[in-house]
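We did not get these values from a lab; they are worked out from the coordinates using the rules stated. Here the structure is a predicted model, which is why all the values come from computation and not from measurement. When we count neighbours, we look across all protein chains shown, and the Cβ atoms used for this are built from the backbone with ideal geometry, even at glycine.
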Ligand SMILES: Cc1ncc(COP(=O)(O)O)c(C=O)c1O
């Protein structure tokens, strides 16, 4: 596998993440509440089930820690090997064991992948939606649930694109949903993230002491309180202020039994939530969707006319417009194409190195990952985001005509 990074242009005219040059740090109002309101409106969800955090992976880490401590044993967590390293890091840091699966050639899960997780006795499965919203297979979801595997939907790369289309699936099958406001994500923020706890965990040990009728509410409240406290602990600045030793992580179970909640909670910076709020509001508007859609139509037409030199298989299953553009190229030509983009002052990249092949992760259970390796060898991400200017998009399109 050719693992060379794409050469980077000396002077970037079309950056992958255009907002980064434009941000103006300012004194901003605390937008946490407005952000939560807007999110709960899109999610169709009670605000009490959303927790803002420093990032999607931070939120995942905190959540898995709580579950693992509650269970007092290792948990097996399934996830595709084609993935963001931060997700795997969060799983391992939380004391859980990742179980890696392959994925199909259009970045969808197959029944074979699902069966592998069942055979390995996973208890959670982190199910990503790459490059935009996708319809997941209901039969797979039912099979997972029947085999006691809770579904964590990773919407870091899709939310809020076409969320209304996937919402019925989310509402019915998701135990938890991960959302990110990072710069490479659809919201194109400056970081931050959230989890939305769709279902209570009925097997949660700590809930046993609560009367049946108040267990659901108690579960959400407890997880929320513990997560808030945990996130505070991990921030040295806040931990110092509270005179808490941030390394005292083993004491989490003590916290689980406590009623906390008096301390100030600031898991996401004000600036992050302000940017996330502003961007989320923009991309959730009809006007935005129309103009983005026209842009994408132009690109799509061009790419289709080039089919043969470029594959659209990574986007075929995306509903509507993808949040970012991943194409497949002949692996033998990829580096040359990277170079040609670079010569045109266009930034490109590739996602992701198969996690299960990294030294740290080789020891964990893993399915044969033929497709993952194929995808990692052929993928290219080109700059095409809602925040690019018309000029940047035109430059990209003109270059694509000659490069591909
Ligand atoms: C599919 C997927 N999930 C989760 C994450 C992690 O999100 P965050 O950066 O907010 O931790 C990423 C990051 O690239 C991702 O691509």
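So how tilted is helix 270-283 from the main axis of the chain? Cα-based, degrees 0 to 90, rounded to 10. It works out to around 50 degrees. Across the range 286-403, Cα pairs under 8 Å and at least six residues apart give a relative contact order of 30 percent.
Each label point was placed 7 Å from the Cα along the Cα-to-Cβ direction; for residue 11 and residue 142 their separation is 6.0 nm.
Computed on the chain, with alpha-carbon pairs under 8 angstrom and 6+ residues apart, the relative contact order is 27 percent. Backbone N atoms of the range 365-404 closer than 15 Å to the 7 Å Cα→Cβ label point of residue 294 belong to residues 389-391, 393-394. Projecting label points 7 angstrom from Cα along Cα→Cβ for residue 40 and residue 339 puts them 5.6 nm apart.
Spacing of the modelled spin labels on residue 390 and residue 167, each 7 Å from Cα toward Cβ, amounts to 3.3 nm.
Find the Cα radius of gyration of the chain, compare it with 2.2 N^0.38 Å by division, and give the number to two decimals. Don't skip to the answer; put the middle values down first.
Working: Rg = 21.4 Å, N = 404, 2.2 N^0.38 = 21.5 Å.
For the chain, the normalised Cα radius of gyration comes out at 0.99.
Once the Cα atoms are used to define both axes, helix 331-343 deviates from the longest principal axis of the chain by about 80 degrees. Label zone (residue 3, point 7 Å along Cα-to-C-beta; backbone nitrogen cut-off 17 Å) within the range 312-347: 335. Relative to the longest principal axis of the Cα atoms of the chain, helix 286-305 runs at roughly 50 degrees. Fully extending the segment from residue 71 to residue 402 would add 113.4 nm, taking 0.36 nm per residue of separation and subtracting the current Cα-Cα distance. With springs connecting C-alpha atoms under 10 Å apart, model the chain as a Gaussian network and identify which of 203, 106, 293 has the largest mean-square fluctuation. Top of the fluctuation ranking is 203.
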